[in-house]
Each structure stands twice: as C-alpha cells, then as structure tokens.
Amino acid sequence: MKKIAFVVIAWVCLMSLQAHAQQITPTKDQVIALTSDWEGERFEDGRPKVPDALLDRLKNISMEEAWGILRNKGYHNQYENDWIILRDDEVMTGRALTAQYMPLRDDVNELVKEIGKEEGRAQRGGTNSWPIDQLVQGDVYVADSYGKIVDGTLIGDNLGNAIYTNSGNGVIFNGSVRDMAGLLEIDGFNGWIKGHDPSYIQQMMLTTINYPIRLGRATVLPGDAVLANKWGVIFIPPHLLADLVINAEFIMLRDQFGHQRLREKKYTAGEIDSSWSDEIKKDFLNWLNEKQDLPMSRQELDEYMKERNW
C-alpha cells in the first residue's frame, strides 16, 4: 500500500509541476519519480533503460505467460488486443516512448506550439513529428490518439521512415496511419494500429510526450518494456522485466518437458497437469541437466532453482 500511495503522490506532484512549468515532456527527475521502482540504468531523459539482452529474450515469451505473471504481481491493466498489424508474423520488443493526442482546441494547441518553440522543438511540419525526434534505438513509439481513424492518421511513410531510422522499431497507436503500402516497404518497420485511412491528420493536437497514457485497457508509462505479437500487446513495468523473463522461460521449459513426456506416454495427462510427484520432479531435473539449448544461462538457471517453489 505504501508503494501505491507513493506512486499516486508522485503522479499528483508530476501533474502539478506540469501545470506550473508548462512542459511538453516531464523533467528527468519527474520521470525518475514516476518510475521509482526501477533501480538500473536510465536514459538521459530519465526513462528506465532495460537491457537489450532481456528485450531479445522477451521476444520468445508467450503473451499468456507474461500476462499471467503480471497479474500474479497485481498488475491487471497492462494488456490490449484487437489490433491491425502490419506484419503479424513478427514480434516487436522495445522501450516505450509515450505520446498523448487530443481533439483540437486552438487555445491549447497554440500554447503547445509556444512551449515547443521555447523547448527548441522543430517548427516546420506538425507537432506529431516531435515524439519521433526524441526516439532512440530500441524505443517503441506508443501513442494514444483516442481511436480516431478518419483524419486521425499520425504517420505516413515519410514519418515511418524517420521512426525506423531513429528507433529500429515501429509503432503502437490507439489510432490510425496512412499509406499502408509505403509503410510496408520499410524493411524492419512494424505497427500495431486500430485502423488506416488515406486522409491526413486534422483537428487533432499533441499534448504531452513521455507522460503516462491509456492505451485501450492498458496503462503505459515511459520506459515500459513492450512485447507485441499477433496475439496482442503487453506493457511490462521495467522493474519486473528480469523476473518475468526468467519465470516465463522456466514455465516454457516445464511445458516442453511435459509435452515430451506426454508424447512418449511416460506419464498421464492428469499427472502432468497437476502438482508433480517427486518422481516427475526428479525426472524433470535430470532432463534440465541434459538440455543444451536453454533460454537462459546455466548459472541463471541454477540461481533460479535455488529459490524455486514447486
């Protein structure tokens, strides 16, 4: 409860600071306060910098395994589905850079542009280029544009090329894009979107970058680890990523062992699908010791097994 209270207080303070300082992007200290459970390396903007090696391993984790682990830790609002996916046979992982869009209101939009000018942001083109300018390698551009499709296209192939150049990844939009054919020509670029349309962006405005946003049923913070595949998108708090990855990898190993033994008819379905007997546990440990293609290092597995509660 103390941790929850701290986050609420930090968020209220952050919003108050935003109102007084009139920022498009929070300060580094504000981002650190918002993501205070993370104790590792950070980017210059304060976002948690989870290791690339963990993001690579995350690509092999199933949505069900990741989601189940998060829910067991009390995180119930990190998943969203029902996407149009540019390349649904590919998996994308990365670190979230968030942006919020709202229906256009001229007085607010003019203030945003004025603040952006003071902050040295690009003055040519639309404000929808500003989040793209902040992307670094390994980022995933995550934007809430309130599900707008017609006249809600945040990017086309020009901005898509800029996004991939800066991040080496793609986008996740609660909104739409234009020029799907052109985006598909960008080798390596991918997108999870709610729709597409040939229209240009109109009657919309950027309000914030790297503040918490809502994406459907999920809450996304800057620096969240992203896992996106054909089954949906999940946003993982960075301080939970390492534990989630190795737990999910262990579950996969248990499943591989169980499936193999079922095909061999060594055990019944009831024996595998319930609490394992000492005989099965011993068989599994022997199987692990002989297995060469582990998803984690042998040292990591040994350390994990010391704390493992069957």
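The values are calculated or read from the model by the stated rules, or taken from the named source; none is laboratory data. Just so you know, these numbers come straight off a predicted model, no measurement behind them. For neighbour counting, all protein chains shown are included, and Cβ atoms are generated from backbone atoms with ideal geometry for every residue, glycine included.
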**Q.** From the options Ala225, Ala242, residue that is surrounded by 24 or more Cβ atoms within 10 Å (Cβ to Cβ), under 24 Å from Leu58 (Cβ atoms) and either touching a Cys at 6+ places or on another chain (Cβ under 8 Å) or not β-branched (Val, Ile, Thr) (or both)
**A.** Ala225
Q: Tally the residues that are surrounded by 19 or more Cβ atoms within 10 Å (Cβ to Cβ) and out of contact with any Gly (no Cβ under 8 Å at 6 or more places or on another chain), restricting the search to segment 154-179.
A: 2
Q: Go over the candidates Ile234, Ile209, Ile213 one by one and state the one that is in contact with a Leu (Cβ under 6 Å, 6 or more places away or on another chain), in contact (Cβ under 8 Å) with a residue 60 or more places away in the chain and under 16 Å from Val140 (Cβ atoms).
A: Ile234
Q.
Which of the helices (runs of 4 or more DSSP H) found entirely inside segment 79-186 contain at least 2 residues meeting this: aromatic (Phe, Trp, Tyr) and touching a Cys at 6+ places or on another chain (Cβ under 6 Å)?
A. none
(Q) Six or more apart or on different chains, Cβ atoms under 8 Å: show the pairs whose first residue is in segment 240-263 and more than 20 Å from Glu303 (Cβ to Cβ) and at pLDDT 95 or above and whose second is in a helix (DSSP H, G or I) and of a type in the set (Gly, Ala, Ser). (A) Leu262/Ala269
Q: Please indicate, with yes or no, whether at least one residue in segment 214-231 is in a helix (DSSP H, G or I) and either within 15 Å of Glu64 (Cβ to Cβ) or at pLDDT below 95 (or both).
A: no
Q | Output for segment 153-199, where each listed residue is aromatic (Phe, Trp, Tyr), free of Cβ contacts under 8 Å to residues at least 60 places away in the same chain and closer than 20 Å to Asn81 by Cα | A | Phe173
Q. Is it the case that Ser274 is in contact with an Asp or Glu (Cβ under 7 Å, 6 or more places away or on another chain) and either surrounded by 12 or more Cβ atoms within 10 Å (Cβ to Cβ) or outside any helix (DSSP H, G or I) (or both)?
A. no
Q: For residues that are out of contact with any Phe, Trp or Tyr (no Cβ under 7 Å at 6 or more places or on another chain) and aliphatic (A, V, I, L, M), scanning just segment 245-271, find the one that is surrounded by the most Cβ atoms within 10 Å (Cβ to Cβ).
A: Val245
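Here is a yes/no grid of residues against (1) without any contact (Cβ under 8 Å) to a residue 24 or more places away in the chain; (2) surrounded by fewer than 19 Cβ atoms within 10 Å (Cβ to Cβ); (3) outside the structural domain of Gly94 (by TED's automatic domain parsing); (4) over 23 Å from Leu206 (Cα atoms):
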{"residue": "Pro26", "(1), (2), (3), (4)": "no, no, yes, no"}
{"residue": "Asp29", "(1), (2), (3), (4)": "yes, yes, yes, no"}
{"residue": "Gly40", "(1), (2), (3), (4)": "no, yes, yes, yes"}
{"residue": "Arg47", "(1), (2), (3), (4)": "no, no, yes, no"}
{"residue": "Ala53", "(1), (2), (3), (4)": "yes, yes, yes, yes"}
{"residue": "Asp56", "(1), (2), (3), (4)": "no, yes, yes, yes"}
{"residue": "Asn60", "(1), (2), (3), (4)": "no, yes, yes, yes"}
{"residue": "Gly68", "(1), (2), (3), (4)": "yes, yes, yes, yes"}
